[in-house]
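Written out below as structure tokens is the structure these notes cover.
The values are calculated or read from the model by the stated rules, or taken from the named source; none is laboratory data. What you are looking at is a predicted structure, and each value in this text was computed from that prediction instead of being measured. Here the Cβ is made from the backbone with ideal geometry for all residues, glycine too, and neighbour counts use every protein chain on show.
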Amino acid sequence: MKHLLLRLEPLIWLLFGLGILVGTMLLTGWLLVFAVAAPLGMLPAGALAFDRIHEFAANPIGRLLLLALIALPLWKGAHHLRTLSIDFGGVSRDPAVALLLYGIALLGSALGVLAVIRL
């Protein structure tokens, strides 16, 4: 198991780095629009109408953006939790923790793909 984790480490770090990018830049702006600007009435009327949002989500670029907003932060969180587990003395249980956390991230990513495809 440890050998498999070492072989997958570059891919995990790639997904972690992309998760940081998405979480820091895209997700922050997305949350500002939907959680702050919309409830405070800072957006023009109809800016978040169902037809406009569905048109965005049906576009291939919109689907990729939605998938990135769903899947990549899961990988970032899984890697952070794995590192936290190691820092708290969990070196002996690292393979099991890594398998569990990355498995959850993989399952969440697969469910995200299914959700985006079904739009």
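Quick notes on this structure:
- The one condition from (1) under 30 Å from ARG118 (Cα atoms); (2) out of contact with any Gly (no Cβ under 8 Å at 6 or more places or on another chain) that ILE70 does not meet is (2).
- Unique match (being in contact with a helix residue (DSSP H, G or I) (Cβ under 6 Å, 6 or more places away or on another chain) and under 21 Å from GLY103 (Cβ atoms)) among LEU43, LEU66, LEU18, LEU84: LEU18
- Residues that are surrounded by fewer than 16 Cβ atoms within 10 Å (Cβ to Cβ) and either touching a Pro at 6+ places or on another chain (Cβ under 7 Å) or not charged (D, E, K, R) (or both), drawn from segment 84-95: LEU84, ILE86, PHE88, GLY89, GLY90, VAL91, SER92, PRO95
- Counting only helices (runs of 4 or more DSSP H) wholly contained in segment 1-80, the ones carrying 3 or more residues that are at pLDDT below 85, of a type in the set (A, V, I, L, M) and loosely packed, with under 12 Cβ neighbours inside 10 Å occupy 2-21.
- Near pairs, Cβ below 9 angstrom, 6+ apart or cross-chain, from segment 55-66 (closer than 11 Å to LEU119 by Cβ) to any residue that is loosely packed, with under 13 Cβ neighbours inside 10 Å and charged (D, E, K, R): GLY62/GLU55
- Verdict on LEU119 being hydrophobic (A, V, I, L, M, F, W, C) and either surrounded by fewer than 17 Cβ atoms within 10 Å (Cβ to Cβ) or not in a helix (DSSP H, G or I) (or both): yes
- The condition of being at negative phi and out of contact with any strand residue (DSSP E or B) (no Cβ under 6 Å at 6 or more places or on another chain) holds for only one of GLY46, GLY89, GLY62, GLY41, that being GLY62.
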